[in-house]
Amino acid sequence: MSGERREELLEKAYAYVRRTSLSEMSLRPVAAAIGSSPRVLLFLFGSKEGLIRALLARARADELASVDGRLPDGADAAGLAVWEWLADPANASLLRLWVEAYARSLGATDGPWAGFAAETVSDWLDVLARAQPPGERDSPAGLAHRTAVLAVLRGALLDVLATGDAGRVTDAVRRVLAP
């Protein structure tokens, strides 16, 4: 029963932090917003840090599920498909959450943020690797190629989140990643 309740509250907390912010999250407002109590959250997640870790894992899973199995072959073509998802305004709240967590993770050696940035880089390199043919995927040139695609996507994401100018940024991404 507590597993089901944990998942229910995690989903509600995830929706809440997508509307607000994760870095300044406090248990009382989260609990009030999702119809729970701080004590229940502490029981189910162990600590505020445990809840943050669970939310970060949930966000990573959401990102990866959005493109899983739906990418065309080739790192550039896959990058363009990922960009279409990144540029979709419907995903902006998840992507703002990702940027916030990524930034907090940089330099963090412990706590809930530690390792998030490196783990998400690895996640997306794996996604792009699956789009590459085996001979390219397993080569240093293949790794360099997907690293370049990922760098273009991250930079473009920051730009579109900062300016809202998805058209301009999409034109730039297409210019770099056009097959």
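The values are calculated or read from the model by the stated rules, or taken from the named source; none is laboratory data. Just so it is clear, the structure is predicted and the values come from calculations on it, not from any experiment. As a convention, Cβ positions derive from the backbone with ideal geometry for all residues, glycine included, and neighbour counts pool all protein chains shown. The protein model used for the area step is the full one, side chains on, heavy atoms only, and it has no ligands, DNA or RNA in it. Shrake-Rupley method; radii C 1.70, N 1.55, O 1.52, S 1.80 Å.
When you go through (1) modelled with pLDDT of 95 or more; (2) open to solvent by 40 Å² or more (accessible area, probe 1.4 Å) one by one for Leu150, which number turns out not to apply?
So the condition that Leu150 fails would be (2).
Hey, can you tell me all the residues within the stretch 94-120 that are open to solvent by less than 30 Å² (accessible area, probe 1.4 Å) and assigned to a helix (DSSP H, G or I)?
Leu94, Leu95, Leu97, Trp98, Ala101, Ser105, Phe116, Ala117, Thr120
Of the conditions (1) surrounded by 14 or more Cβ atoms within 10 Å (Cβ to Cβ); (2) of a type in the set (A, V, I, L, M); (3) within 15 Å of Gly74 (Cβ to Cβ), Ala166 satisfies every one except a single condition; which number is it?
With (1) surrounded by 14 or more Cβ atoms within 10 Å (Cβ to Cβ); (2) of a type in the set (A, V, I, L, M); (3) within 15 Å of Gly74 (Cβ to Cβ) applied to Ala166, the lone miss is (3).
Criterion first (without any contact (Cβ under 8 Å) to a residue 40 or more places away in the chain, more than 19 Å from Ser66 (Cα to Cα) and surrounded by fewer than 16 Cβ atoms within 10 Å (Cβ to Cβ)) does Asp159 satisfy it?
Working: without any contact (Cβ under 8 Å) to a residue 40 or more places away in the chain: yes; more than 19 Å from Ser66 (Cα to Cα): yes; surrounded by fewer than 16 Cβ atoms within 10 Å (Cβ to Cβ): no.
So Asp159 does not fit the description; no.
For Leu143, state whether it is touching a Leu at 6+ places or on another chain (Cβ under 6 Å), of a type in the set (A, V, I, L, M) and not in a loop (DSSP other than H, G, I, E, B). Break it down stepwise before answering.
Details: touching a Leu at 6+ places or on another chain (Cβ under 6 Å): no; of a type in the set (A, V, I, L, M): yes; not in a loop (DSSP other than H, G, I, E, B): yes.
Spelling it out, it is not the case that Leu143 is touching a Leu at 6+ places or on another chain (Cβ under 6 Å), of a type in the set (A, V, I, L, M) and not in a loop (DSSP other than H, G, I, E, B).
Ile52 is checked against (1) part of a helix (DSSP H, G or I); (2) in contact with a helix residue (DSSP H, G or I) (Cβ under 6 Å, 6 or more places away or on another chain) and fails just one. What number does that condition carry?
Condition (2) is where Ile52 drops out.
Does Val152 meet the test of being closer than 12 Å to Ala75 by Cβ and assigned to a helix (DSSP H, G or I)? Before you say what the answer is, go through the steps one by one.
Values: closer than 12 Å to Ala75 by Cβ: yes; assigned to a helix (DSSP H, G or I): yes.
Yes, satisfied.
From the set of residues in the stretch 121-132 that are touching a Lys or Arg at 6+ places or on another chain (Cβ under 6 Å) and crowded, with 18+ Cβ neighbours inside 10 Å, which is farthest from Val149 (Cα to Cα)?
Ala129
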